[in-house]
Amino acid sequence: MEKLKLRCNALCQALKTLGDAIDLLGAVERRCSGSSTGSICPDDAHTPFSCENLFRASRDSTIQRFEYCTDLFWKYLKEYLERIHKTVPEFRSLKYVIRASSKVGVLSEKESAVAVDMVEKKKYDFAYLS
């Protein structure tokens, strides 16, 4: 049970940092959209931090944190199924664990469908940002 609690705590912390990254990305985008010099600090002509570079770094950080949260989430679900529902997923892929979670009522069918859709799209959706 301790391992499950640790996974839950790690997931909660990761979700908090993902929220922080999303907020930062929004702030960088808002700040840079008003900059005519292409710099986060319009008065400093020597700054190496162009808006484009800051936006890319913030975006990449947000994507990485999202992927980390996804990884922690499915590992938590797998552990939860094994410990609480005494279900040992035969095939331990993310989509299988999501579907198994729906079967035992941890996730609703709608939540399960959304989660599987996100997993399938994850491979492709961030490609346009590169």
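The values are calculated or read from the model by the stated rules, or taken from the named source; none is laboratory data. Bear in mind that the values here come from a model prediction, so they are computed numbers and not experimental data. Neighbour counts are summed over all protein chains in view; Cβ atoms, including those assigned to glycine, are modelled from backbone coordinates with ideal geometry.
Taking each residue of segment 14-35 that is at positive phi and looking for partners that are of a type in the set (A, V, I, L, M, F, W, C) and surrounded by 15 or more Cβ atoms within 10 Å (Cβ to Cβ) with beta-carbon atoms closer than 6 Å, six or more apart or interchain, yields nothing.
Scanning segment 54-104 for residues that are of a type in the set (A, V, I, L, M), under 17 Å from the mean Cα position of the chain (by Cα) and more than 16 Å from LEU18 (Cα to Cα) yields LEU77, LEU94, ILE98.
List the pairs whose first member sits in segment 44-73 and is closer than 30 Å to VAL97 by Cβ and modelled with pLDDT of 90 or more, whose second member is of a type in the set (Gly, Ala, Ser) and surrounded by 14 or more Cβ atoms within 10 Å (Cβ to Cβ), and whose Cβ atoms are under 6 Å apart, counting only residues at least 6 apart or on separate chains? Every condition considered, the pairs that remain are SER61/ALA21; THR62/ALA21; ARG65/ALA21; TYR68/ALA14; CYS69/ALA14; LEU72/ALA10; LEU72/ALA14. Taking residues in segment 101-116 that are surrounded by fewer than 13 Cβ atoms within 10 Å (Cβ to Cβ), and partners anywhere that are at pLDDT 90 or above, the pairs with Cβ atoms closer than 8 Å and at least 6 places apart or on different chains are SER108/SER102; GLU109/SER102.
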